[in-house]
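The values are calculated or read from the model by the stated rules, or taken from the named source; none is laboratory data. For clarity, every value in this text was computed on a predicted model and none was experimentally measured. So basically every Cβ, Gly included, is an ideal-geometry build from the backbone, and we count neighbours across all protein chains shown. Keep in mind that these areas ignore ligands, DNA and RNA; they rest on the heavy atoms of the full protein, side chains included. Shrake-Rupley method; radii C 1.70, N 1.55, O 1.52, S 1.80 Å.
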Amino acid sequence: MVDYDRLLERLSNLTCDWVLGSVKDVIGLCLTVIGLEGFIAIGDRVAVKARDGRIVQSEVVGFQGDVARLMSFGSLDGIGPGCEARIPLNRHDDGLGVNEGWLGRVLDPLGQPIDGKGPLFPSFERQPVQCPPPNAASRARLGERIDLGVRALDTFATCRRGQRLGLFAGSGVGKSTLLSMLARGADCDVAVISLVGERGREVREFLEDDLGPEGLARSVLVIATSDSPPLMRREAALSAMAIAEYFRNQGKSVLLLMDSVTRFCMALREIGLSAGEPPATRGYPPSVFAELPRLLERAGPGYADQGMITALFTVLVEGDDQNEPVADAVRGILDGHVILDRKIGEQGRYPAVDVLRSLSRAVPGCNSPEENALTQRARVVMATYQRMADMIRLGAYKPGTDREVDEAIALIPKLNEFLSQGRNERTTRAEAFEQLAQIMQMPLKNLPLNKL
């Protein structure tokens, strides 16, 4: 005879570690899972067991009634209806265990090393991957000027610590090379580099040729190549931001380089469309333009007792259209934009920075009146030459007709040489302004502003 009282007592003492569900459908990039209702929410991680016993980590991206929609961090091969899906009942924070030992390492978006240098030893305190930016009314203001090591940026798009700049360019115009120059030459304590959707062939070239041992020693790289699932490409940007926030909270000056925000948005588009969102602007669902400022606003100054994240985000403009949706949205959020022009690169001037179309919103308040007068005068000279360039090339302009045009013709070769810089060449901001002053024949000390 069954002793029901004793049986109920034993059942009450059992502990449940997992909640089990099962896969119902696999459609495109999405899994639908049943049996986990009431235990999961958007953003939760679910472990799915494939037919061959492989465990595939997935994330909840939406719901349709009681059915959860999941996307996977890995391959969906071997997953079909009836496969087990489970979550731990007592979930812990899934953040990253960042510490100083992560410097010099190359990681995947989940914080696993991929450089063959052995395991990482994460700290017990976890850094959340998703978190809000510092309170807008309490965070510190921008810091002092920072040397980026690139003459065109230090003079015409001067950057302050905690500032966020966008590098806008089409494919093959030199974004990655410019990033490597910044990673090696910028004045910072830590560099966090995120390669989102990058070509796998170029990763070792970037590490060994562009970054080098010296640059790698103070850097943490988070890489998701172009063949990675969309969740991994999205996570590459979020994880890099979380790592940068950890070092900022330690009081360090952090340089965050992300290549590229456009591929981050493309990953969000794949996730949103797979979850059932309707396409809107050029196929991007509305959630993309809601998620974008949440990422970008996390960079910048921390609170008064913390460090700062100086961030440069590359934007891959489709068809060299500077007004395409992602470029337009990013430009409205960041503190300045640097345009890389294909025509300038075709003329052999690298980095191919279009000075006249580039802007740093911090320049008026951080440069001295003499430095502002110098850069404005140089802009006038370049604008004058650009306006008359066709007539000059055709021989339709007669020297001596216009004094300003004659001056532009004389100075433009020197300015182009000044703006051109080798990938291994570094110049401080003070040296750059001094060189520019010599070209323009304008002394930096006691420069009269009426010369404009």
Let me check something: with ligands and nucleic acids excluded, how do W18, W102 order by accessible area (1.4 Å probe), largest to smallest?
W18, W102
With 43 Å as the cut-off, how large is the P(r) tail for the chain, expressed as percent of Cα-Cα pairs?
24
Could you give each residue of region 338-354 its phi-based ³J(HN,Hα) in whole Hz, using Karplus coefficients 6.51, -1.76, 1.60 with θ = phi - 60°, and x for Gly or Pro?
10, 9, 9, 9, 4, 5, 5, x, 5, 7, x, 9, 10, x, 7, 7, 8
I'd like to check one number: the per residue accessible area of region 22-71, probe 1.4 Å, reported in Å² as a whole number.
49
Can you tell me the order of 401-410, 67-76 when each peptide is scored by its average per-residue count of other Cβ atoms within 10 angstrom, highest first?
67-76, 401-410
Once phi is turned into θ = phi - 60°, what whole-Hz ³J(HN,Hα) does the Karplus curve with 6.51, -1.76 and 1.60 give for every residue of region 371-383, x standing for Gly and Pro?
5, 4, 4, 5, 5, 5, 5, 5, 4, 4, 4, 5, 5
Going from most exposed to least, what order do S22, S239 have by accessible area with a 1.4 Å probe?
S22, S239
When ranked by the protection proxy of mean other Cβ atoms within 10 Å per residue, highest first, what sequence do the peptides 103-109, 290-296 form?
103-109, 290-296
In the neighbourhood of T314 defined by beta carbon distances under 10 Å, the net charge of the other residues (Lys, Arg +1; Asp, Glu -1) is +1
Heavy-atom accessible area per residue, region 301-452, 1.4 Å probe: how many Å²?
52
Accessible heavy-atom area order of E371, E245, E125, highest first, probe of 1.4 Å
E125, E371, E245
Write out the trypsin sites (Lys or Arg not before Pro) in region 215-251 meeting two conditions: DSSP loop, and at most 12 other Cβ atoms within 10 Å of their Cβ.
none
The summed charge of the L238 Cβ neighbourhood (under 12 Å; Lys/Arg +1, Asp/Glu -1) stands at -1
Want the number for L394 to I439: 0.36 nm per residue separation, take away the alpha-carbon distance, what's left?
13.6 nm
Carbon/sulfur fraction of accessible area - the chain, other protein chains in place, 1.4 Å, %
51
Can you list the HN-Hα couplings for region 181-197, worked out from phi with the Karplus curve (6.51, -1.76, 1.60; θ = phi - 60°), rounded to whole Hz and with x for Gly and Pro?
5, 5, 5, 7, x, 6, 7, 8, 7, 9, 10, 10, 10, 10, 9, 9, x
